[in-house]
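Step one of this worksheet: look at the structure below.
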Amino acid sequence: MRWDGLRLDTGVDTGAEADIHGGVPAPLFARSAVTRTFDTPEFRGVTFYEIHARSIINRVPPASRVPFEWTINPYRGCTHACRYCFARRTHEYLDLGSGRDFDSKIVVKVNAPDLVRKELTARRWGGHPIAMGTNVDCYQRAEGRYRLMPGILAALRDTRNPFSILTKGSLILRDLGLLAEAAEVTEVSAAVSVGFTDESLWRAVEPGTPSPRKRLEVCATLNAHGIPCGVLMAPILPYLCDSPRALETTVRRIAETGATHVTPIVLHLRPGAREWFMAWLSREHPRLIPRYLELYGRGAYAPKAYQERIGQTVRALALKHGIGRSAPPGARGHRDTGRAAPPPVPAATPEQLTLL
């Protein structure tokens with residue numbers, strides 16, 4: 001697949017191409033998107049589409065079965081390039097592909113900070129808890145250049161609006177001061193996503209993310225500075241990181257961070273992510289294809305019995321290693337705000353497997 005300024009791939013692995021307007025997919029062309037590329041090593045091969053969003057605080061449909069109702073997502077697409085990311089298919093709504101396009105063609109809502117402040121101060125806004133990082137990572141690599149989150153966090157702080165953040169990015173530590181200030185006046189929580197600690201597996205399936213070790217350091221740092229932070233232990237990849245030894249190692253390292261909680265979630269494969277992940281699996285671990293077809297042949301989720309076994313194992317290990325036994329050192333946070341607490345991050349349902 002190639003990008004030549006006039007055409008781009010829209011298929012997952014087929015090389016299919018579609019005409020676009022001057023290098024901009026039709027839905028983004030209609031939004032007057034500005035296309036940018038940066039000739040720096042960290043952004044080589046990545047195209048950014050800068051748009052002005054019409055709204056930024058989104059209500060989640062009740063049918064989604066997630067424990068949060070309102071979200072903010074300043075980006076679409078994600079350079080973390082996780083092969084299993086369930087959000088991949090959302091790129092198809094932009095006439096982009098759910099494979100390489102999702103990893104390398106990033107939509108940036110450049111007016112997000114101003115729009116957040118406007119919507120939070122609107123008379124009709126009810127001060128509801130807001131979850132961030134629920135579609136793609138708000139602290140992916142692009143945030144280092146566009147710096148949208150400081151303005152968003154400042155608006156949440158100034159309006160004393162409760163919020164939570166789920167991330168795989170270490171860049172969240174850049175905003176530690178803002179997080180601490182917000183935690184003085186409202187409910188703030190965070191979670192990092194670490195499904196396993198095997199570094200060779202990390203490089204293979206999460207090539208654009210900080211290492212699991214670095215993410216766990218982020219968790220420890222947030223907790224040490226009074227920002228309650230847990231771990232979404234996801235995805236747990238069947239036959240790749242679900243052995244008793246692998247689970248024990250991961251939970252033990254999570255416990256060392258002072259994590260407030262750990263929530264295990266087994267890999268699920270929705271359309272878009274399914275094709276992309278299975279193509280990788282067939283190249284790198286072809287012997288596992290029959291086993292995965294047995295687990296996922298009837299749908300996006302592994303059998304309930306398998307999920308329950310993994311969940312019971314992780315819960316037992318969490319108890320053994322003392323996860324959640326005590327509050328993180330230096331924990332702070334205003335507890336008498338008159339506001340609802342932010343949603344727990346992460347949740348105990350597979351639909352919360354957001355950045356993955």
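With a requirement of 2 or more residues that are surrounded by fewer than 17 Cβ atoms within 10 Å (Cβ to Cβ) and touching an Asp or Glu at 6+ places or on another chain (Cβ under 9 Å), the strands (runs of 3 or more DSSP E) lying completely within the range 31-80 that satisfy it span 34-37. Residues of the range 243-297 that are of a type in the set (A, V, I, L, M), farther than 21 Å from E206 by Cα and surrounded by 17 or more Cβ atoms within 10 Å (Cβ to Cβ): A255, A259, L295.
Given the structure, is D101 surrounded by 22 or more Cβ atoms within 10 Å (Cβ to Cβ) and either at pLDDT below 95 or in a helix (DSSP H, G or I) (or both)? It is true that D101 is surrounded by 22 or more Cβ atoms within 10 Å (Cβ to Cβ) and either at pLDDT below 95 or in a helix (DSSP H, G or I) (or both).
Starting from residues that are in contact with a Leu (Cβ under 8 Å, 6 or more places away or on another chain), surrounded by 17 or more Cβ atoms within 10 Å (Cβ to Cβ) and not hydrophobic (A, V, I, L, M, F, W, C), keep the ones in the range 142-158 and report whichever is farthest from G226 (Cα to Cα). Restricting to residues being in contact with a Leu (Cβ under 8 Å, 6 or more places away or on another chain), surrounded by 17 or more Cβ atoms within 10 Å (Cβ to Cβ) and not hydrophobic (A, V, I, L, M, F, W, C), the top hit is E143.
Within the range 124-158, the set of residues being over 23 Å from N223 (Cβ atoms), in contact (Cβ under 8 Å) with a residue 40 or more places away in the chain and in a loop (DSSP other than H, G, I, E, B) comprises W125, G127, H128, N135, V136, R141, A142, L148.
The values are calculated or read from the model by the stated rules, or taken from the named source; none is laboratory data. As the structure is a computational prediction, the values presented were derived from the model and not from experiment. FYI the Cβ positions are ideal-geometry reconstructions off the backbone, even for glycines, and counts take in every protein chain you see.
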